[in-house]
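The values are calculated or read from the model by the stated rules, or taken from the named source; none is laboratory data. Remember, it's a predicted structure, so these values are computed and weren't measured experimentally. Note that each Cβ is placed from the backbone with ideal geometry, even for glycine, and that neighbours are counted across all protein chains shown.
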Amino acid sequence: MLRNTLRFSFALVAIVALVGVAACGKDKGKSADKSGGAANQADAPATKTFTLAQVDNLKVELPAGANISKGVGSGVMIMAPDLVVSISRAGSSTAKTLDAAKKDAQMFKPQKLKAEKLSDGFALTFENKGGLGRNYFVRVVRVIGGKAYSCTTTASRPAQKANALKVCKTLHK
């Protein structure tokens, strides 16, 4: 069981990393300001509430124009500039507690691990150095309406990690 879970985790990491790299190339040269730096808060894109019909009609705040597509199982994958995130009902292999999530993260030799307890779950972020460079992980589990939901990403840039975490924290009924 653990071996299958690890295979699935590594496959998911690879898929999300490739999607992140593809998304990065798509917006190349379209930086938020002329210096190539991050946009300031005033320039941040407006968000809009979206209903995720595939995930028990959860609502989430996303940048206008975000693309929501079918993800693994009954989940969804959401992509927008500097954002790639997967949202689904938490499965049997999803860590349901912060301590369990920290333990699971150890297989990635995490660096800069940050854990946050939420009123309805937890958020865990960390980084590691992989074969293709630095990876940025977000693992969020929220219990909404009595059901556990997973919101995750493995990204190639810090901005993607920050945006995914922000999106995961907006999930609601």
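Tell me the residue from Leu118, Leu171, Leu124 that is farther than 16 Å from Glu61 by Cβ, in contact with a strand residue (DSSP E or B) (Cβ under 7 Å, 6 or more places away or on another chain) and of a type in the set (A, V, I, L, M, F, W, C), please.
Leu124
Mind listing whichever residues of the range 53-66 are surrounded by 19 or more Cβ atoms within 10 Å (Cβ to Cβ) and more than 15 Å from Ala164 (Cβ to Cβ)?
Val55, Leu58
Name the pairs whose Cβ atoms lie under 6 Å apart, with the first residue in the range 116-134 and at negative phi, the second outside any strand (DSSP E or B) and surrounded by fewer than 13 Cβ atoms within 10 Å (Cβ to Cβ), and 6 or more positions between them or separate chains?
The qualifying pairs are Asn128/Lys109.
Return the residues of the range 119-134 that are modelled with pLDDT of 95 or more and either of a type in the set (A, V, I, L, M, F, W, C) or under 12 Å from the mean Cα position of the chain (by Cα) (or both); say none if nothing qualifies.
Passing the criteria: Phe122, Ala123, Leu124, Thr125, Phe126.
Quick grid of which residues meet (1) surrounded by fewer than 18 Cβ atoms within 10 Å (Cβ to Cβ); (2) touching a residue at least 60 places away in the same chain (Cβ under 8 Å):
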site	(1), (2)
Ile68	no, no
Ser74	yes, no
Asp82	no, yes
Arg89	yes, yes
Lys96	yes, no
Gln106	yes, no
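Return the pairs, sorted by first residue and then second, in which the second residue is assigned to a helix (DSSP H, G or I), the first residue lies in the range 147-173 and is small (Gly, Ala, Ser), the beta carbons are less than 7 Å apart, and the residues are 6+ apart or on different chains.
Partner pairs satisfying both residue conditions: Ala155/Gly20; Ala155/Lys161; Ala155/Ala164; Ser156/Ala17; Ser156/Gly20; Ser156/Val21; Ser156/Cys24.
What do you reckon, is Ala38 closer than 21 Å to Thr154 by Cβ and either at pLDDT 95 or above or part of a strand (DSSP E or B) (or both)?
On the way: closer than 21 Å to Thr154 by Cβ: yes; either at pLDDT 95 or above or part of a strand (DSSP E or B) (or both): no.
Taking the combined requirement at face value, the residue does not satisfy it.
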